[in-house]
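Reading through the structure tokens given below for one structure.
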Amino acid sequence: MKLATIEKSDNSVHTAVLLSSDHLLDLEALKEVFPIATNIPSGMKNLLAGGSKVLADIQKCVEMVEGMQNDEQTSLVSSEILISWQKASFLPPVPDPTIILSVGMNYHAHLEEMQNAPALPHPPAFLMTHPALNGSGKPILVPPQCPDMIDFEGELCLVFGRHCHNVPESDAMDYVAGYTIANDVSARDWVAPVFKAEKPFEAISAWDRNLLGKQLPTFCPCGPVIVTKDEIADPHNLQLTLTLNGEVMQSSRTDDLIFNLPQIISYFSKWYRFSPGDIVTTGSPPGVGAGRTPPVYMKPGDLVEVEIEGIGKLSSPVSNS
């Protein structure tokens, strides 16, 4: 099942599910037509927290709509309960997570391209600000204060479906509702000072500014959908491809992860109490702009797309702010 959050013409925010016809079924608007749809909570966080019971109700709604006659489906299109994929305005699948945790330096080959940086004993990560979240199809805004080194990083993300705190690796995947895609956009202006620093506090200051370069508004495009966990047999064996203006920049499988998903969940759950809808990005494979000779950075007018096998494609135009 593929779930999305969409913005309607009246600026209201609705959850939706993708049908086999490539139409999105607006689950909020459907409540006016199907009584069973009233069992589906509003908002993606609440929907995911409902677990298998809510997903079963959604599946029943899908089957009922897909079993309709053509004229009945046409009526749903007219009332904007069915929306074509091309006409949908996507928000991040979870617009309001409590925690967005971004894991970095988590692909062996990516460390090699970043001056052969060593693998760390524990997965490094930082918290992402909510204004950085952005929906598929929405522009990445180039900041005027640091416009020249805007990099791309396609990433597989996990989304929690349950409260999760201090869990062992053996149970970690039980807390995952599904998977989505992110582009961890980064202003690379402060990467060089990290490697050039000769004193510890110089390195700390440079690294802090490097992380700030990932927090800018629109710098975390996410989506367009959450794919429920049952549809992905092995999240550690997926093809990830990022293109810039149609040219492949990143192409890797998730089997190159240094820390796998159970390790990431168990480790960070020792400190964080994750909630339904919280998002963890799991690191980016090789091919980033800063790792190339010469470097390749995004600029206004570009189109960057991240595609992950079994999940979909996250598209982002690049624009001046």
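The values are calculated or read from the model by the stated rules, or taken from the named source; none is laboratory data. A quick note: this is a predicted structure, and the numbers were derived from the prediction, not measured. When we count neighbours, we look across all protein chains shown, and the Cβ atoms used for this are built from the backbone with ideal geometry, even at glycine.
For TYR267, the stated conditions do not hold, so it cannot be described as closer than 29 Å to CYS146 by Cβ, hydroxyl-bearing (Ser, Thr, Tyr) and assigned by TED's automatic domain parsing to the domain that holds TRP190. Residues that are under 17 Å from PRO224 (Cα atoms) and either among the polar types (S, T, N, Q) or in a helix (DSSP H, G or I) (or both) within the range 1-49 comprise THR5, THR15, SER20, SER21, MET44, LYS45, LEU47, LEU48, listed in sequence order.
What about ALA206, is it in a helix (DSSP H, G or I) and either surrounded by 19 or more Cβ atoms within 10 Å (Cβ to Cβ) or among the small types (Gly, Ala, Ser) (or both)?
Taking the combined requirement at face value, the residue satisfies it.
Selection over the range 269-285 of residues that are within 18 Å of the chain's Cα centre (by Cα) and not β-branched (Val, Ile, Thr) gives a count of 8. The strands (runs of 3 or more DSSP E) found entirely in the range 210-321 that carry 1 or more residues being touching a strand residue (DSSP E or B) at 6+ places or on another chain (Cβ under 7 Å) and among the charged types (D, E, K, R) are 247-253, 303-308, 312-320.
In the range 131-153, the residues that are on the phi > 0 side of the Ramachandran plot reach residues that are surrounded by fewer than 18 Cβ atoms within 10 Å (Cβ to Cβ) and part of a loop (DSSP other than H, G, I, E, B) with C-beta atoms within less than 9 angstrom, at least six apart or across chains, in these pairs: GLY137/SER89. Among the residues of the range 244-283, those identified as of a type outside the set (Asp, Glu) and under 20 Å from ASP302 (Cα atoms) are LEU244, ASN245, GLY246, VAL248, MET249, GLN250, SER251. Scanning the range 118-173 for residues that are of a type in the set (Ser, Thr, Tyr) and part of a loop (DSSP other than H, G, I, E, B), we see that the one that is surrounded by the fewest Cβ atoms within 10 Å (Cβ to Cβ) is THR129. For the criterion of being exposed (fewer than 15 other Cβ atoms within 10 Å of the Cβ) and modelled with pLDDT of 95 or more, GLN69 fails. Taking the criterion of being touching a Leu at 6+ places or on another chain (Cβ under 6 Å) and buried (at least 17 other Cβ atoms within 10 Å of the Cβ), the residues of the range 303-316 that qualify are VAL304, VAL306, ILE308. Taken together, GLY50, GLY104 contain a single residue that is crowded, with 20+ Cβ neighbours inside 10 Å and not hydrophobic (A, V, I, L, M, F, W, C), which is GLY104. Checking each residue in the range 238-254 for being exposed (fewer than 12 other Cβ atoms within 10 Å of the Cβ) and on the phi < 0 side of the Ramachandran plot picks out GLU247, VAL248. Selection over the range 174-203 of residues that are of a type outside the set (D, E, K, R) and assigned to a helix (DSSP H, G or I) gives a count of 10.
Looking only at the range 5-28, residues that are closer than 19 Å to MET64 by Cβ and touching a Leu at 6+ places or on another chain (Cβ under 9 Å) come to 12 in all.
Here the range 73-117 is the region considered, the condition is being farther than 21 Å from ILE6 by Cβ and in a strand (DSSP E or B), and the residue that is modelled with the lowest pLDDT is TYR107.
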